[in-house]
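Chemist: Sharing a structure here in C-alpha cells format.
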Amino acid sequence: MNIDAQKHAAALKAMDYVRDGMKLGLGTGSTAAAFVDIVGAAVKDGLNLLCVPTSEATHAQAKALGIPLTTLEETPHLDLTVDGADELDDNLCLIKGGGGALLREMIVATASDQMIVIADASKHVEKLGKFPLPVEIDMFGMKSTYDKVISQAKSVGCTGEVKLREKSGGTPYITDGGNYILDCSFYPIEDPVALAKSFHTIPGVVESGLFINIAKTAIIAGEDGVKVLTV
C-alpha cells in the first residue's frame, strides 16, 4: 500500500470502534480527513452520530458531507475521538499539531472517554522529535515566551532550532484560536513527559503538541497491513 492507501486503511479500521448514537470527536490532518470522509459515507447510509470537529477545516469538511455537528459547549462530553498524529512511539506518546490544530485537538481528545490514533507506518517512531514539535503560544510577549521555551527545554536535555511558524508569504501562522506556533527541532526527545511538564510552567505557552497518556489505542497501517497498538 502507498501512503494514501495506508491512511485510508487505518481510518477504515477505526470505524470498528464507532457505534450508532456516539458523540464523536473528529481530528484534523490528512489521515483524520480520510476518516471524516468515511464517517460522512456512514452517516449517509444511516449511522446516527453527533460530532465535534477539532478545526475550522474539519468543520467545513464534515458540514459539506452532511455529518451532524455540535460543539463542546452544547455537548461537553464525548464517547470517542479519532485523530491522526505526526509521530507516535511505542508508549503512545504523540507529537501533534503539524496542521496547527493542537489546542483544539487536545481539548476535544480530553473531553472524550477514549482517543484512538490513526496513522500510516511512517509516523511510528522509536523516539519522538524528528518531526518538529509544535508549541502554541500567546501573541502577547512572544519573544519572552520564545526564550523561556528554549530555556525550559534545555533544562530537560532538549536543544535545537526553535522557529516561529510562518505562512508562505512570510507572515506568522495564526491558529484557529488566534495564537502563534513555535516549531521546535529537539530530536531526540528522550523524556517527552518531562518536556511536556516543563512547557506547562511557562505562562505564555497555551499548549504543546506532546500528547501524553491520552491515547490508549493506535491503528497503524503499513505495507504489510494494519496493526493495533494498545498501552
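Chemist: For region 172-227, name all the residues that are touching an Asp or Glu at 6+ places or on another chain (Cβ under 8 Å), farther than 18 Å from V156 by Cβ and among the β-branched types (V, I, T).
Modeler: T175, I181, V206, I220
Chemist: If a residue must be part of a helix (DSSP H, G or I) and charged (D, E, K, R), how many such residues does region 100-148 contain?
Modeler: Applying the first criterion (part of a helix (DSSP H, G or I)) to region 100-148 yields 102-110, 121-123, 142-148.
Cutting the leftovers down to charged (D, E, K, R) gives us 104-105, 123, 143, 147-148.
Residues that pass the stated criteria total 6.
Chemist: Among the numbered conditions (1) outside any strand (DSSP E or B); (2) surrounded by 15 or more Cβ atoms within 10 Å (Cβ to Cβ), tell me where G157 comes up short.
Modeler: The one condition G157 does not meet is (2).
Chemist: From A33, A42, which residue is part of a helix (DSSP H, G or I), in contact (Cβ under 8 Å) with a residue 12 or more places away in the chain and surrounded by 19 or more Cβ atoms within 10 Å (Cβ to Cβ)?
Modeler: A33
Chemist: Quick one: would you say P192 is buried (at least 16 other Cβ atoms within 10 Å of the Cβ) and touching a helix residue (DSSP H, G or I) at 6+ places or on another chain (Cβ under 8 Å)?
Modeler: On the way: buried (at least 16 other Cβ atoms within 10 Å of the Cβ): yes; touching a helix residue (DSSP H, G or I) at 6+ places or on another chain (Cβ under 8 Å): no.
No, not satisfied.
Per-residue answers, yes or no, for (1) touching a strand residue (DSSP E or B) at 6+ places or on another chain (Cβ under 7 Å); (2) closer than 14 Å to L103 by Cα; (3) not aliphatic (A, V, I, L, M):
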position	(1), (2), (3)
V125	yes, no, no
L128	yes, no, no
T159	no, no, yes
L164	yes, no, no
G169	no, no, yes
C184	yes, no, yes
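Any read-out appearing in this document is the output of simple, stated calculations on the displayed coordinates, not a laboratory observation. Because the structure is predicted, anything quoted here is derived from the model rather than measured. Cβ atoms come from the backbone with ideal geometry, glycine included; neighbour counts cover every protein chain shown.
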